[in-house]
1. What are the GluC sites (Glu not before Pro) within region 84-189 that DSSP puts in a loop, where the Cβ has at most 12 other Cβ atoms within 10 Å?
2. Which ³J(HN,Hα) values, rounded to whole Hz and listed in residue order, are derived for region 685-693 from phi using the Karplus coefficients 6.51, -1.76 and 1.60 in 6.51 cos²θ - 1.76 cosθ + 1.60 with θ = phi - 60°, glycine and proline given as x?
3. Multiply the residue separation of residue 535 and residue 231 by 0.36 nm, subtract the distance between their alpha-carbon atoms, and state the gained length in nm to one decimal.
4. If one takes the longest principal axis of the Cα atoms in the chain, at what angle in degrees, from 0 to 90 and to the nearest 10, does the Cα axis of helix 73-86 lie?
5. Among 588/626; 103/382; 91/382, which pairs are too far apart, with a Cα-Cα distance over 19 Å?
6. Tell me, what is the percent relative contact order of region 580-666, built from C-alpha pairs under 8 Å that lie six or more residues apart?
7. For 239, 211, what's the fewest-to-most ordering of other Cβ within 10 Å of each Cβ?
8. Just report the Cα centroid separation between region 626-671 and region 458-497, whole Å.
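Computed from the coordinates by the stated procedures, all read-outs in this text should not be read as laboratory data. From a predicted model like this one, the values you see are computed outputs, not experimental measurements. Every residue, glycine as well, gets a Cβ built from its backbone with ideal geometry; the counts of neighbours run over all protein chains shown.
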Amino acid sequence: MRSIREGGIDSITDEAAVVTEAIRLALADGLLTENDLDVALRNTFRVRFRLGEFDPDERNPYAALDEKAILRPAHAELAREAARKAVVLLKNDDGVLPLQADKLRKVAVIGPLADVVYSDWYSGTLPYAVTPLQGIRERLAGAGTGAETVYAAGSDRVRLKAVRSGRYVRIGEDNQAMLAVSAASAEDGDVFKVTDWGWGSHTLFAERNGRYLTTDDKTVQASAGRIWEWFTKEVFKIRKADSDPTLSTVSTWNEMPVTVDEQTGALLAGDGLADETANAINVGGTAEIGRSAIETPAETFALECAASGADAAVEAAGGADAAIVFVGNHPLINGKETMDRPDITLAAVQERLALEVLKANLNTVVVVVGSYPFALNALQDKAPAILYTSHAGQELGHAVADVLFGDVNPAGRVNMTWYKSVDQLPPFMDYDIIQGGRTYQYFEGEPLYPFGHGLSYSDFQYEDLRLSATRVETGKDVAVELACRVTNTSGRAGEEVVQLYVRAENSRVKRPRLQLADFQRIELLPGETADLTFRLPLESLRIWDVTRERFCIESGEYTLLIGSSSADLRLEGRLTVAGETIPPRDLKRVTRAANYDAYTGIYLGECSEGGSAAIVSGGTGWLAFKDAELGKGVSVIELRAAGTEEAVVEVRLDGPDGPLAGRCAIPPCGEQAWRSFSFGLTDAARRRDVYLLVLQGTISFAWFRMIA
């Protein structure tokens, strides 16, 4: 609690009872004072007062507004415009897009994302929703050609047969749609639409009552109107049975096995008894459910396919003039906090669905509706056109249709690098984008789609880059202006996002390969030319100098590049900056361990004395402090350290395997029990790179200094 307050947190939005008890204990132990609470309250109420939260109605311009005021046509149009502008055209071979609505007689709309609009956990509440299927149907109807739209979700329809009893799962007639193994024949068993979201996560939709299967952690019920809870209890893990790969086991969102109560046939889930007063689910009968999910063995099910989703999709696509496949993710299943994914690919079943549709109809457009980048390698190879959009809100369907049929020319750009594989990324817990080679700034490989990528139905020509100066000195408000000309060389009006990037050519530290400095989104008519000007403040070139703990603008050459993406750069200029040359390190001053130049086997953590500590935990690692001026020599190093195990520490010069200058065994003193340790150094003189090595043990370094 003390760390939270010292970190600047004024409001803790956890369970109220947990927070208040922690505050009382912290006050009693002297870790917090009443003044700490007063400061937090003042900070919180200051913002609330400034926002007008406590103003009387006569001073609140929004007090008299009702829901009608926020559902006006202008608001719907704004939502539609925002969704349109976010659409990214990832690929468009041979001008497949836009589709010509007046030439289409039949369009197949396919996929699990085609007839839904999903909200994220932190989204606003949608007042209405237009799905892609609805938007496409509306657009084709407006063309007046009588074009037919056929729809296939691509999801299998199955019945669940319990292997031990040979009976089928059926929804009860009462008892909150609880499920039981109660049907003697397949005809009496219920049919469920199964959507595979990848990596074992499935949702099952009961066709008879139009509800999703869910659990109250005791029983399985077909009672959820939508997938919308913090704990996504509508997710079931369906996996091949070890004993027979044609059979499956089913577990709940929290990996509790789905079992069958031997007395009643009820489907049980969770870690305890079902409600002892609950009636049995068997149609027409009642009994107590008296066996827990833990005591009952996990049931094995046969998923009997009533209709293949892939077959229905292929049939729909094969007879259509064009097919549009909607794939992606569900924001609450594999797209929110607490939900990890083992890969960045599409769900395998979705990729297979799209590829099967592409085999059936070469004139297929893939639309990805998602929360993050995907590795779309197979679709990039096979699909002639690919669009990407976020879940985008209530006007998603209209916006996608506008782009598909050319009423809107797409100009969205990807705001992240889209990688081809997780193999191009460092371990997930490695947050160092520089050493890990992550993002467009440091990634050296070939991405699937580079940062800033996005195509258009128009073509644009860049020319005539001009700089207001090619050599400048740093100073207050100093800036360089760049001008260029961009021409729409196509016969269609369109928007272009013109992007300015900067690269430092000779720096003391590893600088980004490219760094976005500015961009402009412009709209041009066919043949129209725009003269653009960018203003580049020299302050935007500054970096944090860890050797002196301050910002500086380095002297040197900077390359300025303008283009349509980070990988499509059309114009280039050079700027010479007369700034600072970072001097050699002075390690005789106290140097924070976190201010290293390079490292291996180190991570940063808390230091109770302030700032961050560099930590080696139970292994080996090193920190490099490069270009240090040791003068005529230093003879002692003083370390501020803490640790739970004895650690062997070395100082080496010019490399982790370079000449040994000193070694010391540092005893354990406690995780945050900081102590100063000193040991001698030899032959440590002149301008050198200094390496601080840990050969064994668990130790944290706060700072060090060298003494002549």
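1. Loop-located and lightly packed - 173.
2. Result, rounded to whole Hz: 9, 6, 8, 9, 8, 10, 10, 9, 10.
3. 104.7 nm
4. For 73-86 against the chain, the angle is about 60 degrees.
5. 103/382
6. This gives 23 percent for region 580-666.
7. Neighbour counts put them in this order, fewest first: 239, 211.
8. 51 Å
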